[in-house]
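One structure coming up, written as structure tokens, with questions to follow.
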There are 4 protein chains.
Amino acid sequence: MTLRDVPQPVCGPSDVLIEVRHAGVCGTDLHIWEWDSWASTRMRPPVIVGHEFAGRIAALGAEARAGGLLEEGDLVTAEGHIVCGHCLQCRTGNAHLCQRTQVIGVDRDGAFAEYIVMPASNVMKLDGIPTEIGAIMDPLGNAVHTVLEGEVAGSTVLVIGCGPIGCFAVGVARAAGASLVIASDYNARRLDIARCMGAHVLLNPASDDVVARAHELTNGNGVDLVCEMSGHPAGHAQAFAAARLGGRVNLLGTPSRPTEVHFARDVIFKGLTLYGVTGRKMYGTWDQMRRFLRAGQLDPRPVLTHRFPLEQIADAIQVIKEGEAGKVILEIGA
Amino acid sequence: MTLRDVPQPVCGPSDVLIEVRHAGVCGTDLHIWEWDSWASTRMRPPVIVGHEFAGRIAALGAEARAGGLLEEGDLVTAEGHIVCGHCLQCRTGNAHLCQRTQVIGVDRDGAFAEYIVMPASNVMKLDGIPTEIGAIMDPLGNAVHTVLEGEVAGSTVLVIGCGPIGCFAVGVARAAGASLVIASDYNARRLDIARCMGAHVLLNPASDDVVARAHELTNGNGVDLVCEMSGHPAGHAQAFAAARLGGRVNLLGTPSRPTEVHFARDVIFKGLTLYGVTGRKMYGTWDQMRRFLRAGQLDPRPVLTHRFPLEQIADAIQVIKEGEAGKVILEIGA
Amino acid sequence: MTLRDVPQPVCGPSDVLIEVRHAGVCGTDLHIWEWDSWASTRMRPPVIVGHEFAGRIAALGAEARAGGLLEEGDLVTAEGHIVCGHCLQCRTGNAHLCQRTQVIGVDRDGAFAEYIVMPASNVMKLDGIPTEIGAIMDPLGNAVHTVLEGEVAGSTVLVIGCGPIGCFAVGVARAAGASLVIASDYNARRLDIARCMGAHVLLNPASDDVVARAHELTNGNGVDLVCEMSGHPAGHAQAFAAARLGGRVNLLGTPSRPTEVHFARDVIFKGLTLYGVTGRKMYGTWDQMRRFLRAGQLDPRPVLTHRFPLEQIADAIQVIKEGEAGKVILEIGA
Amino acid sequence: MTLRDVPQPVCGPSDVLIEVRHAGVCGTDLHIWEWDSWASTRMRPPVIVGHEFAGRIAALGAEARAGGLLEEGDLVTAEGHIVCGHCLQCRTGNAHLCQRTQVIGVDRDGAFAEYIVMPASNVMKLDGIPTEIGAIMDPLGNAVHTVLEGEVAGSTVLVIGCGPIGCFAVGVARAAGASLVIASDYNARRLDIARCMGAHVLLNPASDDVVARAHELTNGNGVDLVCEMSGHPAGHAQAFAAARLGGRVNLLGTPSRPTEVHFARDVIFKGLTLYGVTGRKMYGTWDQMRRFLRAGQLDPRPVLTHRFPLEQIADAIQVIKEGEAGKVILEIGA
């Protein structure tokens, strides 16, 4: 990854040219920085990296302008999954699972740049939400999708893994009326952020028996909803054991190796529902998120721990690798 | 397991005494016959075995009679899970996952007998359904629960494993308006029953690439709903691979060993929903099943391959062990 | 209605005898007091009136005791709809719509008394909730049922009619994560209670254009969910006009005369869903309500405006008739 | 309405030019023909009428071609509601209720012509469905939307009003596994078509007591789902009275005058759900419909009673006015 001067991208008829102000650094960007096997297989450089951002509309294509809903000067963010609109999934309310998804910053040029071009349909007006927060609505939306796929009001929720999305999930569960939110992580710094986001109980698997505690805290029933954000086989095992009979495990953390699942004991006899979370529902998740943010029900700022100018991206990557950071923001435009 | 004379069971105030006419033999009964580790751990003999049955009401307790809905002479079947009515699951529409479930024929006396006593709340009038069919409404209900947990009208359904419940699932999917039902099994005899139940396509993993064929038959999308009835890790792998993006895998087959699941590839990036099926919804499943049977939309008779008098239970067990049987019925009363 | 000495009720084998501590007075009781056409048609006196209460278990029948979940001395409340358990609705998760419902205080003896007998299945342990609050869980449950039948997290909610149940609904909407709760009533005292329960905006149809304001406050969209608690044709008209395209109107207020509905304009072209609310879901509503109360997410106390000893029931009825009361509580036992 | 030569419409970059082969004549077209108050208020002539059609792609705009899914020569139909893609409804899965909907044949040029231009996103490939049937997928989709909004498998369904959409609804209910479909109309010819579409029972309100018969046929319960297709106050009253406790009334027939509704008796105490049906879900309804048609589960041909060349549109209108026609098709291209 290097910083270099490139031509300003071309804005097509249905596109919007956005001047980037803030961008979020994601674990995906770390994989690209490390150029691991996933990155080297999936990507065809040169590509501008970065898929979480917000900024100001600098120009609009003719059709985008004709829509009449976006104007130059609007502060906006955008869904980074560009979808085909025609496959079975796009046609039936599951565009987040489009068979031809292109991800900005991976499959096409992204947001760690002064300008980015996006299809108008992917662009969301911020309507008063600051661009710094707009820049993290992609991972915040992952958390909203994970938590709200299930009944939350009055529920007990266990969040396994308190990286940025796990911490966001804690806040979303509180905003949506969960009665008890338990957060679990090995890292005390992350648990502290989870506490700031509203977790009622913090557990550290190094010293706490997560499954036993989850049952104790729920009158022996187990929790209604587990949000599995760790992507570790140990997290999966805890998730299945901590969920109540008839409960739900929503999985977002992406493991790099297989997990042994005892389906009879863990899923079938428990009557569990498991749900794999990809992206954000287009665009129901965005609407819910914007409502929570604008009403002040959800404040993601405790998770935003570091800010760097674009030039210091190496430092940004470094604090993420050290594991002590929440969400790391790049400050790009004015 | 032996056949012996025992006293007629006592009918409590909320109970119904039923004269058994037909009973179904289940894989569970085979485990008990073999006295395997599950059976020897779970059961405390002496217990009368058998949990699938139908018969005639011979007597009612005072409260059961006062209810006014059941009468002596009514032909009935019954839900074999006796639940507490007070736990979280019983109170919130998930009584099939009651924390204190007692299963007849396992935890208390069952149906391979001339008489059985059941709580009135578990008893269902047959309203014209023959007792031979009433006797298999327990496993048929498993199939109804598995298939109808998901949208079926217009859907493509893959049934993996064509034992009796898998074959029932084929018929249920057709009754509920599935557009394409694919059935898979290694056993040609079972596939033949699946065909009789309405499967459009039969696959044998010995010669067919089930996953590839499932995609070919669905225009490359994969199937909407997989019913995993085999309980084999290979079945699980096929299920996850054959399901479409955003699809659903309902698991009923209970494996005896763990399965390696690649959650990122198989569940998360595919946006799958997995659901573990236990018993029958009390009593929504029974109501749907009775409607299908009474309207003639679902005819389970092709699955009923063998009938034996109670005295020949050893022969009944034997044909099941040989793997060539569909559902085996014991003929007990008149 | 008179106060008189009657024999202590008899506790059957499946019953629980409860010493009443607090009871709520409801509009239904007012109809009975007035002996209006509804009351004189429906009731067959002598009947002990009163269906909202909480108290202490004084004795249990043999089967109720055997269940092992209730004990003498437990503080409890109860669902006042006694259902058959066998009709289509009871069998399919809609027992609140049982075809043979008996309502305590109307169809059989109720709770304005020192003792009441209830079937054990209707009894709910308070687990730390005070009996004064336990006594109003029946109408609070009406509000929970009304609000939670719909997606509330992040939603805009309009409550039309701020009697006790309307005011409860405001609190439930806030507990369940509504982003904006608008309350409307002609009575300033009731609006003040709605404000205490968490309403963001108060409207008085005497001076405010409710429909216009609902659109202004929602960026021109209209509200996601209307809770119609007034039972007036004018409330219905406002409800349909204030709801957004694709929105929802849940109706609890029971009108005494018909409403003219322009179905094409008001319902069909708007794609609205209307839902008629009866009672409380048995027992999902009770579970959600208990969770909210025990977690401190919902505090109904601002609605409890008056308390009287049982002897002063005439005064209790009087303050309700004057229209200035929230919920009125009778103090009966210790 | 006159037939005249007009220039071929211009195909924009995201558009598709379609050579029309068959078009359906709808009640809406009759209103326009009569130039009634609705038509004269809503429309700004000159406008080419007609919104139901199928044909052959003659040309594609550059962006439409780049999508890669549509090609010249493809046989297609199209959703006639052109939506903004940006309003709350478009963003949350309710595009059929878009705040800026433009309807072809009403708000912009339609399909009673040799050529029509449509946005590529609205175009659906027929994949083997004949264009004559493709031409009626708009009203057929209304029926699919009406029936499938509710649980149909095993259900009892009453269709009130057997115009073309009512008759289609009968077929959809059968395809989706309804156990009993009752059709009601005053016109014997229409009832005959309903019978051909699969209705189990035909009722004529002139001689049958529809509500009483609906209860008799459902064991006294009432029906699970009513599809109100008549748009008459008498139909509404029958719908509410015939639905079971906890049932559902989906309303598509658009009345021209208000209906008196007794909300307490008809909706609230019955726990009914009412749902107003507009258009077709975009594009879930289209997907379900295409599946039913391609699998042969739904055959709408008995409803197609008349065919005319475009030049004889006056005759087409006439047979509709006479009330004896099912669906009337215009034959336009080759």
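We did not get these values from a lab; they are worked out from the coordinates using the rules stated. These figures come from a predicted structure and were not determined experimentally. Because the Cβ atoms are built from the backbone with ideal geometry, glycine has one as well, and the counts that use them run over all protein chains shown.
How tilted is helix B:284-294 with respect to the longest principal axis of chain B? Cα atoms for both, answer in degrees (0 to 90, nearest 10).
90 degrees
Could I ask something else about it? Would you order A:Arg244, D:Arg108, C:Arg257, D:Arg174 from fewest to most other beta-carbon atoms within 10 Å of each residue's own beta-carbon?
Arranged by neighbour count, lowest to highest, A:Arg244, D:Arg108, C:Arg257, D:Arg174 become C:Arg257, D:Arg108, D:Arg174, A:Arg244.
Taking neighbour counts of Cβ atoms within 10 Å as a proxy for exposure, in what order, fewest first, do B:Val117, C:Val83 appear?
Ranked by crowding around the Cβ, least crowded first: B:Val117, C:Val83.
Rounded to the nearest 5, what % of DSSP beta bridges with both residues in the protein assembly as shown are antiparallel?
50 percent
Karplus couplings for segment D:38-53 from phi (6.51 cos²θ - 1.76 cosθ + 1.60, θ = phi - 60°), rounded to Hz, Gly and Pro as x?
Ordered by residue, 3J(HN,Hα) equals 4, 5, 5, 7, 7, 9, 10, x, x, 9, 6, 7, x, 10, 10, 6 Hz.
Can you list the residues of segment A:101-125 with backbone N under 20 Å from a point 7 Å past the Cα of A:Ala59, pointing along Cα to Cβ?
Correct set: A:109-124.
Ok, one more. Any idea what the B:Thr41 label distances to the other copies are, label 7 Å down the Cα→Cβ vector, nm, shortest first?
3.7, 6.2, 7.2
Using only atoms on other chains, find how many Cβ atoms lie within 10 Å of each Cβ of peptide A:247-258 and report the average.
Neighbouring Cβ atoms belonging to other protein chains average 4 per residue here.
Set the Förster distance to 25 Å, then compute FRET efficiency between A:Ala188 and A:Met1 from the Cβ-Cβ distance, nearest 0.05.
The calculated FRET efficiency here is 0.25.
Same structure, new question: Just how far, in whole angstrom, is segment C:1-47 from segment D:30-59 if you go by their alpha carbon centroids?
63 Å
Residue-wise, which Karplus ³J(HN,Hα) couplings in Hz belong to segment D:129-134, taking 6.51 cos²θ - 1.76 cosθ + 1.60, θ = phi - 60°, and x for glycine or proline?
With coefficients 6.51, -1.76 and 1.60, one gets 6, x, 5, 4, 7, x Hz.
Over all pairs of distinct alpha carbons, what does the Kirkwood formula give as the hydrodynamic radius of segment C:255-334, in Å?
16.9 Å
Still on this structure: For peptide C:283-295, how many partner chain Cβ atoms fall within 10 Å of a residue's Cβ, on average?
The per-residue average across the peptide is 4.
Got the D:Asp299 label distances to the other copies yet, label 7 Å along Cα→Cβ, in nm, shortest first?
2.0, 6.7, 6.8
Taking only the alpha-carbon positions of segment A:182-256 and ignoring solvent, what does the Debye formula give for the base-10 log of I(q)/I(0) at q = 0.12, 0.17 Å⁻¹?
For the requested q values the scattering log ratios are -0.30, -0.61.
Counting DSSP beta bridges with both partners in chain D, what percentage is antiparallel, nearest 5?
Expressed as a percentage, antiparallel bridges in chain D total about 50.
Non-local amide H neighbours of B:Gly246 (under 5 Å, H modeled in plane, Pro and chain starts lacking H): which ones?
Under 5 Å from the amide H of B:Gly246: B:Gly271, B:Leu272.
Taking the Cβ of each residue in D:Val211, A:Val181 as the centre, tally the other Cβ atoms inside 10 Å and list the residues starting with the fewest.
Listing D:Val211, A:Val181 from fewest to most nearby Cβ atoms yields D:Val211, A:Val181.
222 nm [θ] for the protein assembly as shown, helices only, -39500 (n - 2.57) per DSSP H run of 4+, per residue, to 500?
Estimated from H runs of four or more residues: -8000 deg cm²/dmol.
Among D:228-239, B:222-233, how do they line up from the highest to the lowest mean number of other beta-carbon atoms within 10 Å?
Ranking, from highest mean packing down: B:222-233, D:228-239.
Send over the Kirkwood Rh of segment D:47-139, from the inverse of the averaged 1/r over different Cα pairs, rounded to one decimal Å.
Taking every pair of different Cα atoms in segment D:47-139, averaging 1/r and inverting gives 13.8 Å.
Another one. Using a 10 Å cut-off on Cβ to Cβ distances, tally the other chain neighbours for every residue of D:80-91 and report the average as a whole number.
4
Could you derive backbone 3J(HN,Hα) for segment D:188-200 from the dihedral phi with the Karplus parameters 6.51, -1.76 and 1.60 (θ = phi - 60°), listing whole Hz in sequence and x where the residue is Gly or Pro?
3J(HN,Hα) across segment D:188-200, in whole Hz: 5, 4, 5, 4, 5, 5, 4, 4, 4, 7, x, 4, 6.
Based on the Cβ-Cβ distance of C:Trp38 and B:Leu30, what FRET efficiency does E = 1/(1 + (r/R0)^6) give at R0 = 51 Å, to the nearest 0.05?
0.25
Please go through the residue pairs D:Lys125/D:Lys321; A:Lys125/A:Lys281; B:Lys281/D:Lys281 and name each one whose alpha carbons sit more than 25 Å apart in this structure.
Where the Cα-Cα span goes over 25 Å, the pairs concerned are D:Lys125/D:Lys321; B:Lys281/D:Lys281.
Pairing the Cα long axis of helix A:137-148 with the longest principal axis of chain A, what angle in degrees results, from 0 to 90 and rounded to the nearest 10?
30 degrees
Residues with amide H under 5 Å of B:Gly24's amide H, sequence separation 5 or more or different chain, H placed in the peptide plane at 1.01 Å from N; which?
The list, which skips near neighbours in sequence, is B:Glu52, B:Phe53, B:Leu330.
Let me ask another. Let me see the pair-distance distribution of chain C: every alpha carbon pair, 10 Å bin width, integer percents in order.
For chain C, the pair-distance distribution reads 6, 26, 34, 24, 9, 2, 0.
Quick one: what Rg and Dmax do you get for segment B:1-160 from the alpha carbons, in Å?
16.6, 52
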